[in-house]
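Heads up, the thing below is written out as structure tokens.
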Amino acid sequence: MMFKTCSVRLVAIFTLLVSSPLIADELSAFDKMNGQLNIAGGTAHIPVMKKAARQIMGHNPKIHITIAGGGSGVGVQQVAKGLVDIGNTGRALKNKEMNLGLNSFPFAIDGVAVIIHPQNPVDDLSQQQIIEIYQGKITNWRELGGQDRQIHLFSRDEASGTRSVFSKKLLKGAQLAANANIVPSNGAMKTAVSQDMGAIGYSSVGYIDNMVKAPRYNHIMPTQEACASGEYPVVRRLYMNTKGVPNALTQAFIDYIYSEQGAKHIQSSGYIALDAQP
Amino acid sequence: MQSHKLTLKQNSWMQALLMTLVVTSGLLLFAVFCFLIWFSLPVFFTETTSVFSLKWQPEQGHFGILAMVFGTLSLAFISTSVAFIIALGLNSFCLLSRRRWLVALLRSLLRFMAAIPTVVYGLAALFLLLPLLRNGLQLGSGYSLFAAVCMLILLILPVICVMLDNITTPLWQQYALGAQALGFSPEQTYMQVILPHCRVNIGGAALLGFNRAIGDTMLPLMLAGNATQLPSGVFDAIRSLTAHIALVIATDQGGEAYNSLFASGILLLMCSACICLLSRYLMGRHRLEQPE
């Protein structure tokens, strides 16, 4: 018995000794650091940021990382004012925002896809159909081969990066019907659509799971692979933005996101990792 | 003698301090007004912007907030009128009912309701009321003026009720016996004596409830659907001015969408300042009218 426990311990210690350099390699940059890192902005980024923060804070409890949502607009505003260290956006910075002295770090590719209730039988929508749905011209699922049920439109708030990509690349600037319900985040969109048989909304591909269903778009399934290969066209990059040159902790965090482990977090959140730009 | 002098000194010192505080807070409020007016002036007086139109389509360059103004007003009017009627009923129950334990329970319940954060109401409605509207009654997506009104009634009911209670209870104690001696039934006393006597103050209480309904953000944001349209019925989605501010605040500064916030802000502030002054005036007349 005694021998058994000892050997288990020994094996454990041995494994730790052998494997720790491998695991801690990317986290060792945080070894001697402490302080607070505040992150805010795009809601699509939150799953990646959370996974990274959990690893880093677990490795070094002296580092405290806070993550808030708010949308791309909030990300830009707060990082420009110096309220947060990293402001996330789901779109490239506008010229006006570049002039505030912000640095952009694109780290992932994300698709924006239409989502509907999982029990909705419709599973293929063309771009033209989606445009007409969002313009309010098609108002019943029957017209799309579904059940006789009114379509409930859901869209995002005006400051959303997801909305700007959806509006530009999928709706091609078509006018949104005035009766569309507006929800303030990707999470709220998923909740709203998953509860409503007649709902249609759109969200970041990373948020799609079995709570909602993504119909094929022009016969293409909006999966990670289709986004990566460029087969699915409604994609965008996810950016981290800092004001000026980032401080040591912020830089270490950004490097970690670009590391192999960071890429794993990005992958498991449903996005495609990008390499660091020189 | 010595101590008396000290108190006087302290007194004048306290008065000066209080005066400073009063003046500072007054100035701050004034500064808020000036600030909002200053920032919203360009919005109101530029030819290209169309703040006073019904169209809100930021992608197409339309930034009208009239639909939101209408949304706020309809929300506040409907919820205040319904809440007011319920409040009158509850108030008469409090005064007339012989089951005093039930009245005590009701009063403490109302005071408890006043302390519930609006987000709790919003969350409860999101998972209880909306599915009922959507699946049970088949009334669209459920996000509607109706849902927001239902929860706003719960929000402003305690405000109006507690105020009505404070107004009518002393009057009741003063007049009930005399009215009974003259042959009034308790119901008649309430309808013919108490209500007419404090008509004006009751109006003031309703206005305060109205003000609360205009200013609330969380409930319309979570429940009203935030669609920028003129509703054709109570089961249509609307967007209130407060929810509009909450949704658009994150857009880039200096853009037209952002500037429409200042217009919304000044409209809301003016609205609630007017109502506040009016209800103050109405409540103040009570003291003058009271016969002694």
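Which whole-Hz ³J(HN,Hα) couplings does region B:87-96 yield from phi under the Karplus relation 6.51 cos²θ - 1.76 cosθ + 1.60, θ = phi - 60°, glycine and proline marked x?
In residue order, the calculated couplings are 4, 4, x, 4, 5, 5, 4, 4, 7, 9 Hz.
What total accessible area, in Å², is buried where chains B and A meet, using a 1.4 Å probe and rounding to the nearest 100?
Looking at B and A, the buried total is near 2300 Å².
Among B:His244, A:His265, what's the order by accessible area (1.4 angstrom probe), most exposed first?
A:His265, B:His244
Which residues' amide hydrogens lie under 5 Å from the amide hydrogen of B:Ser50, considering only partners 5 or more residues apart or on another chain, with H built in the peptide plane?
Placed amide hydrogens put B:Phe63 under 5 Å from B:Ser50.
Could you compute how fast chain B diffuses translationally, taking Rh as the Kirkwood radius over C-alpha pairs and applying Stokes-Einstein at 4 °C with viscosity 1.567 mPa s? Give it in µm² per second.
Translational diffusion coefficient: 59 µm²/s.
If each of B:Phe35 and B:Trp101 carries a label point 7 Å out from its Cα toward its Cβ, how far apart are those two points in nm?
5.3
Under a 5 Å amide H to amide H cut-off, with H placed in plane at 1.01 Å, what residues pair with A:Ile65 once short-range neighbours are removed?
A:Leu37
May I have the extent of the alpha carbons of chain A along their three principal axes, as whole Å values ordered from largest to smallest?
Answer, in whole Å and largest first: 70, 57, 30 Å.
Using just the alpha carbons, could you tell me how many Å³ per residue the convex hull of the protein assembly as shown encloses?
294
Residues of A:173-181, mean number of Cβ from any other protein chain within 10 Å of their own Cβ, rounded to a whole number?
Whole-number average of other-chain Cβ neighbours for A:173-181 is 6.
Do any of A:Lys169/A:Lys243; A:Lys50/A:Lys243; A:Lys169/A:Lys190; A:Lys32/A:Lys94; A:Lys50/A:Lys172; A:Lys169/B:Lys55 go past 25 Å between their Cα atoms, and which?
Listed pairs above 25 Å: A:Lys169/A:Lys243; A:Lys32/A:Lys94; A:Lys50/A:Lys172.
Which one of B:Trp13, B:Ile202, A:His45 has its Cα pushed farthest toward the positive end of the charge dipole of the protein assembly as shown, where Lys and Arg give +1 and Asp and Glu give -1 at the Cβ?
Result: B:Trp13, furthest along the dipole toward the positive end.
Given the options A:Gly206, A:Gly136, A:Gln147, identify the residue whose Cα lies farthest towards the positive end of the charge dipole of region A:110-229 (+1 on Cβ of Lys, Arg; -1 on Cβ of Asp, Glu).
Checking the options against the dipole of region A:110-229, the answer is A:Gly136.
In region B:56-289, with Lys and Arg counted as +1 and Asp and Glu as -1 at Cβ, which of these residues, B:Val69, B:Asn211, B:Leu261, has the Cα nearest the positive end of the dipole, that is, farthest along it?
Final value for the positive-end residue is B:Asn211.
Once you charge only the Cβ atoms, +1 for Lys and Arg and -1 for Asp and Glu, what is the size of the charge dipole of region A:110-229 about its Cα centre, to the nearest 20 debye?
200
Which residues' amide hydrogens lie under 5 Å from the amide hydrogen of A:Tyr202, considering only partners 5 or more residues apart or on another chain, with H built in the peptide plane?
A:Ile115
Please figure out what share of the DSSP beta bridges in chain A is antiparallel and state it in percent, rounded to the nearest 5.
Counting only bridges with both partners in chain A, antiparallel ones make up about 60 percent.
Return the single residue from B:Leu155, B:Leu88, B:Leu277 with maximal mean-square fluctuation; model: Gaussian network over chain B, springs between Cα atoms under 10 Å.
Answer for the Gaussian network model of chain B: B:Leu277.
What does the structure give for A:194-206 when I average, per residue, the other chain Cβ atoms found within 10 Å of the residue Cβ?
2
Can you pull out the trypsin sites (Lys or Arg not before Pro) in region A:153-239 whose DSSP state is coil and whose Cβ has at most 12 other Cβ atoms within 10 Å?
Passing sites in region A:153-239 are A:Lys172.
222 nm [θ] for chain A, helices only, -39500 (n - 2.57) per DSSP H run of 4+, per residue, to 500?
-11000 deg cm²/dmol
So what are the ³J(HN,Hα) numbers for region A:240-247, from phi and the Karplus equation (6.51, -1.76, 1.60; θ = phi - 60°), rounded to whole Hz, Gly and Pro as x?
9, 10, 10, 8, x, 7, x, 6
What does the charge dipole of region B:124-277 about its Cα centre add up to, to the nearest 20 debye, if the Cβ of each Lys and Arg holds +1 and the Cβ of each Asp and Glu holds -1?
In debye, rounded to 20, region B:124-277 gives about 140.
Loop-only trypsin sites (Lys or Arg not before Pro) in region B:91-152, please: DSSP not H, G, I, E or B, and at most 10 other Cβ atoms within 10 Å.
B:Arg98, B:Arg99
Give the accessible surface of chain B per residue, rounded to a whole number of Å², with probe radius 1.4 Å and ligands, DNA and RNA excluded.
On a per-residue basis, 53 Å².
Give me the extension gain from B:Asn166 to B:Leu109: residue separation times 0.36 nm, minus the current Cα-Cα distance, reported in nm with one decimal.
So the extension gain works out to 19.0 nm.
Could you check how much of the accessible area of the protein assembly as shown is carbon and sulfur, as a whole percent, using a 1.4 Å probe?
Looking at the protein assembly as shown in its full context, I get 64 percent from C and S.
The values are calculated or read from the model by the stated rules, or taken from the named source; none is laboratory data. Quick caveat, the model's predicted, so the values are computed rather than measured. Note that we place each Cβ from the backbone using ideal geometry, even for glycine, and neighbour counts take in every protein chain shown. Remember, those area values only see protein heavy atoms, side chains included, never the ligands or the DNA or RNA. Shrake-Rupley method; radii C 1.70, N 1.55, O 1.52, S 1.80 Å.
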